Amino acid sequence: MRMTYRCFVLSLAVLGLAGCARNPVTGTREFVMMTEAQEIALGRESDEQVRNQMGLYDDDELQQYVSEIGLQMAARSHRPDLPWSFAVVDSPAVNAFAIPGGYIYLTRGIMAFLGDEADLAGVLGHEIGHVTARHSVQAYTRASGAQLGLAVGSIFSPAARAVGGAAQSGLGVLFLRYGRDAELQADRLGAQYAGETGWDPTGVRDMLSTLSRLSDGGDSRGVPGWLSTPPAAADRVERVGPVIEELAARLDFDELRVNRAGYLDRLDGLMFGDNPDQGIVRGRDFLHPGLRFALQFPEGWEVINTPTQVVAKQPGEEVYVLLQLVTDPTTTDLERLAGDTMREGGYRLDSGGDTRIGDLDAFVGTFTGEQTDAGKSRARVAYIDYGGTIYVVGGLTGADTYDQVESEFNTSIRSFRPLSPAEAEDIRPNRLRFYSVRDGETWQSIAQNAGESIIPPNTLAIMNGVPVNEQPRPGDRIKIAVEG
């Protein structure tokens, strides 16, 4: 009766909320902000945004393979009647995520770092667990109406963010933060769903170990957000152990699937790294064969390619160079367009003028931003007309550090150039291939010599599920990635 009265009072306090509901996994009653129908509707809307903004990886057989495994596991879960959907999105990041209502996504980037079908089942099971236990809905409730689904997140400082609205990453799927207990529960549920559906549940432990090593190794591809949530992955590996032992006591592990060979066969030719259709980063160069242009960023800067812009960041500093297409320009007068756009972002023009960058018309100006919490900022920005399409290339930093990096900004701006048809035709995506280890070979030697592999030795070891301090064995079939 006390719980019922509490639900009634809370429901009166928050207009439009669904009230108390029984958690499908634990059976306890909890206060949530939406009914299951609302949860499904929210998921359906967000799913459309994910597909439109991230895009699905163009491999029907791989999509069907992942979906079939996911649907089998979801059917044995605590919420089998949800409209479950599983998809591989066209992103090089190492990630997996779930949206309320039963929408689960893996990036093609994470597929390369899983070692077998049991690992895949472990990832899918973990994400299914977040949905079945209503972790996303609970987080939504705690946030008191926070927007769930897709959100544009900024990777810039407040100063950079002011530049004409340009300083936003193209897509940030907003995952409400799960707590420690939710992550541990999702690990346990992942092992349970995998084991009860016929896959070796040790895949959960193995994939946590692999992705933890990837994160610890500082690889810039990124790892799932649930690995950055306490407790540490090593602790989670230990904590999922009793669940696996309990499953072993009632399941015949000899009959459970691992299917390493079958999984690896499906990865042959998988695109690795950037998709050239969205432009590709090669070292310090950004090349876009479809739009036929190239730009060079400063040496040693981290380059991040998103669907709407490309950003380079100086390591350890709030210094950026960005490249972005101007959509629906209000005028073809470059100076006026630059002035209007920057003014809207809180910047005033200090100096600038029309110029030529290569054989292209351009306006290049220096701008000062208004006072912000981060202090004044300065930007060196070019608006370039390339065949009637306007591109912005800009360097952004605090006013106190601008003089130190202005020359690098100018060098990047002046590097913008068209690609010839032959250059564009020659750009191919990196692909995942397989290699048989020979006697005496090490990760270092393979990285340097095996089919011109483009992956550094430590990452190569992690990709193949081996600690970086251990060497491959002769005869091992390992994953490598090669250009084109």
>> Just the residues that are of a type in the set (S, T, N, Q), in contact (Cβ under 8 Å) with a residue 60 or more places away in the chain and more than 17 Å from Val405 (Cβ to Cβ), please, taken from the stretch 343-383.
In response: Thr372
>> For the stretch 447-480, which positions are more than 26 Å from the chain's Cα centre (by Cα), over 12 Å from Arg213 (Cβ atoms) and at pLDDT 90 or above?
In response: Gln471, Pro472, Arg473, Pro474, Gly475, Asp476, Arg477
> Which ones in the stretch 337-357 are open to solvent by 80 Å² or more (accessible area, probe 1.4 Å) and outside any strand (DSSP E or B)?
Replying inline: Arg343, Glu344
>> Take the conditions open to solvent by less than 60 Å² (accessible area, probe 1.4 Å), in a loop (DSSP other than H, G, I, E, B), over 22 Å from Arg282 (Cα atoms) and out of contact with any helix residue (DSSP H, G or I) (no Cβ under 6 Å at 6 or more places or on another chain) and apply them to Pro467. Does it pass?
In response: yes
> Can you pull out the residues in the stretch 64-117 that are surrounded by fewer than 20 Cβ atoms within 10 Å (Cβ to Cβ), in a helix (DSSP H, G or I), touching a Phe, Trp or Tyr at 6+ places or on another chain (Cβ under 7 Å) and not aliphatic (A, V, I, L, M)?
Replying inline: Ser67
> Quick one: Ala121 ticks every box in (1) under 18 Å from Leu211 (Cα atoms); (2) surrounded by 23 or more Cβ atoms within 10 Å (Cβ to Cβ); (3) at pLDDT below 95 bar one, so which box is it?
Replying inline: (3)
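Do we have Leu295 as open to solvent by 20 Å² or more (accessible area, probe 1.4 Å), of a type outside the set (Val, Ile, Thr), in contact (Cβ under 8 Å) with a residue 40 or more places away in the chain and within 26 Å of Ile427 (Cβ to Cβ) here? So that I can check it myself, show each step before the final result.
Details: open to solvent by 20 Å² or more (accessible area, probe 1.4 Å): no; of a type outside the set (Val, Ile, Thr): yes; in contact (Cβ under 8 Å) with a residue 40 or more places away in the chain: yes; within 26 Å of Ile427 (Cβ to Cβ): yes.
Taking the combined requirement at face value, the residue does not satisfy it.
Restricting the search to the stretch 241-280, which residues are outside any helix (DSSP H, G or I), of a type in the set (Asp, Glu) and either without any contact (Cβ under 8 Å) to a residue 24 or more places away in the chain or more than 26 Å from Glu61 (Cβ to Cβ) (or both)? Give the steps one after another, and end with the answer.
If we filter the stretch 241-280 for residues that are outside any helix (DSSP H, G or I), which is where we start, we get 251-252, 256-259, 268-275, 279-280.
Then drop every residue that is not of a type in the set (Asp, Glu), which leaves 252, 268, 274.
The answer is Asp252, and nothing else.
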>> Being more than 21 Å from Ala379 (Cβ to Cβ) and either surrounded by 15 or more Cβ atoms within 10 Å (Cβ to Cβ) or under 21 Å from the mean Cα position of the chain (by Cα) (or both) is true for just one of Leu322, Leu287, Leu334. Which residue is that?
In response: Leu287
>> Show the residue pairs meeting these rules: Cβ distance below 7 Å; 6+ apart or different chains; first residue within the stretch 409-424 and more than 15 Å from Tyr386 (Cα to Cα) and free of Cβ contacts under 8 Å to residues at least 40 places away in the same chain; second residue open to solvent by less than 10 Å² (accessible area, probe 1.4 Å) and assigned to a loop (DSSP other than H, G, I, E, B).
In response: none
> Do you know which residues across the stretch 282-311 are more than 14 Å from Phe416 (Cα to Cα) and in contact with an Asp or Glu (Cβ under 7 Å, 6 or more places away or on another chain)?
Replying inline: Gly290, Asn305
> Which residue pairs have Cβ atoms closer than 8 Å, lie 6 or more positions apart in sequence or on different chains, and pair a first residue in the stretch 42-63 that is free of Cβ contacts under 8 Å to residues at least 60 places away in the same chain with a second residue that is part of a helix (DSSP H, G or I) and open to solvent by less than 80 Å² (accessible area, probe 1.4 Å)?
Replying inline: Leu56/Gln63
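The values are calculated or read from the model by the stated rules, or taken from the named source; none is laboratory data. Note that the structure is a prediction, hence the values are computed from the model and not measured. Positions of Cβ are generated from backbone atoms using ideal geometry, with glycine treated the same way; all protein chains shown enter the neighbour counts. Just the protein is used for accessible areas: all its heavy atoms, side chains included, with ligands, DNA and RNA removed. Shrake-Rupley method; radii C 1.70, N 1.55, O 1.52, S 1.80 Å.
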